[in-house]
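**Student:** So that we are looking at the same thing, I have put the structure below in structure tokens.
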Amino acid sequence: MKTKKEFHALVGKVIREHVPFNALLGIEIESAEPPSLRFAMRPELIGNARRGILHGGVISAVLDVTAGYAIMLALASEPKSGEKLEFPNIGTIDLRVDYLRPGRGKHFIATGKVVRLGNRIAVTHMELVNDEGKLIATGAAAYVVG
């Protein structure tokens, strides 16, 4: 691993390719700094067919994954030459989502921030915006790590 950018790319690859559900949602890495994920609106993600809006479960799931991504970046240390990259186990303890407006947009970006990182517990805040920058939902969560 030569650069921080390459390291972040590897973490992103793990998020996208090693969790089938993330691939099903169409999650892509938007940025490592700040930790942000992006996904496109697709018919399969609609929760209200009449209104054509994003399913609340998709919003919740993406915010949860975004928080996990932020924690992985905060916890993972870059391996030295010849070492294997290892990631901590992360489990959701509590997840709260505030749905602020209907999920309309061509694509969405979720951003996560680790607000406390302890020995066993991490606390995060997340936001989801649409392609126009309108805030769709916010989240707060706690995770067990280790």
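**Student:** Taking the 0 to 90 degree range and rounding to the nearest ten, how far is the long axis of helix 4-17 tilted relative to the main principal axis of the chain, both from C-alpha atoms?
**Tutor:** Approximately 50 degrees, to the nearest 10.
**Student:** Give me the accessible area per residue for the chain, probe 1.4 Å, as a whole number in Å². Let's see the in-between values first.
**Tutor:** Values: 8300 Å² over 146 residues.
For the chain, the per-residue accessible area is 57 Å².
**Student:** At 7 Å along the Cα-to-beta-carbon direction for both residue 55 and residue 31, put a label point, then send me their distance in nm to one decimal.
**Tutor:** Label-label distance for residue 55 and residue 31, simple model: 2.9 nm.
**Student:** Could you list the residues of segment 125-146 with an amide nitrogen less than 13 Å from a label point located 7 Å from the Cα of residue 89 in the Cα-to-C-beta direction?
**Tutor:** Hits in segment 125-146 for residue 89 at 13 Å: 144-146.
**Student:** Considering amide H positions built from the backbone, and no H for Pro or chain starts, which residues 5 or more places from residue 47, or on another chain, come under 5 Å of its amide H?
**Tutor:** Counting only residues 5 or more places away or on other chains, the set is 53, 54, 55.
**Student:** Measure nothing but the geometry: give the 0 to 90° angle between the long axis through the Cα atoms of 56-75 and the longest principal axis through the Cα atoms of the chain, rounded to 10°.
**Tutor:** So the inclination is approximately 20 degrees.
**Student:** Give, in nm to one decimal, the length gained when the segment between residue 113 and residue 134 is fully stretched (0.36 nm per residue of separation minus the Cα-Cα distance).
**Tutor:** On the way: separation 21, 0.36 × 21 = 7.56 nm, distance 1.85 nm.
Gain on extension, residue 113 to residue 134, equals 5.7 nm.
**Student:** Next question, about the same structure. Scan around residue 100 for amide H atoms under 5 Å from its own, H built in the peptide plane at 1.01 Å from N, and keep only partners 5 or more places away or cross-chain.
**Tutor:** 137, 138
**Student:** From largest accessible area down, sort 38, 104, 116; use a 1.4 Å probe on the protein chains.
**Tutor:** The most accessible residue leads, giving 116, 104, 38.
**Student:** Can you tell me which of 121-134, 49-62 comes out highest on packing, and rank the rest after it, using the mean Cβ neighbours within 10 Å?
**Tutor:** Going from most to least packed, we get 121-134, 49-62.
**Student:** Related question: Got a sec to turn the phi values of segment 101-106 into Karplus ³J(HN,Hα) couplings, 6.51 cos²θ - 1.76 cosθ + 1.60 with θ = phi - 60°, whole Hz, x for Gly and Pro?
**Tutor:** 7, x, x, 10, x, 7
**Student:** Using only Cα atoms, locate the centre of segment 91-146 and the centre of segment 8-65, then give the distance between them in Å, rounded to an integer.
**Tutor:** 12
**Student:** Additional query: Tell me the label only: which of [x] 27, 17, 12; [y] 21, 17, 15; [z] 33, 14, 12 is semi-axes √(5λ) of the Cα gyration tensor in Å as calculated from this structure?
**Tutor:** [x]
**Student:** Can you give me the relative contact order of the chain as a percent, contacts being Cα pairs under 8 Å and 6 or more apart?
**Tutor:** After rounding, I find 23 percent.
**Student:** Next question, about the same structure. How much mean residue ellipticity at 222 nm does the chain get from its helices, if each DSSP H run of length 4 or more adds -39500 (n - 2.57) and you divide by all residues, to the nearest 500 deg cm²/dmol?
**Tutor:** That calculation yields -8500 deg cm²/dmol at 222 nm.
**Student:** Can I ask one more? Roll a 1.4 angstrom probe over the protein heavy atoms and tell me the percent of accessible area of the chain that is carbon or sulfur.
**Tutor:** Exposed carbon and sulfur together represent 51 percent of the surface.
The values are calculated or read from the model by the stated rules, or taken from the named source; none is laboratory data. The model shown is predicted, which means the values in this text are computed figures rather than measured ones. Every residue, glycine as well, gets a Cβ built from its backbone with ideal geometry; the counts of neighbours run over all protein chains shown. Ligands, DNA and RNA are excluded from the accessible area calculation, which covers all protein heavy atoms including side chains. Shrake-Rupley method; radii C 1.70, N 1.55, O 1.52, S 1.80 Å.
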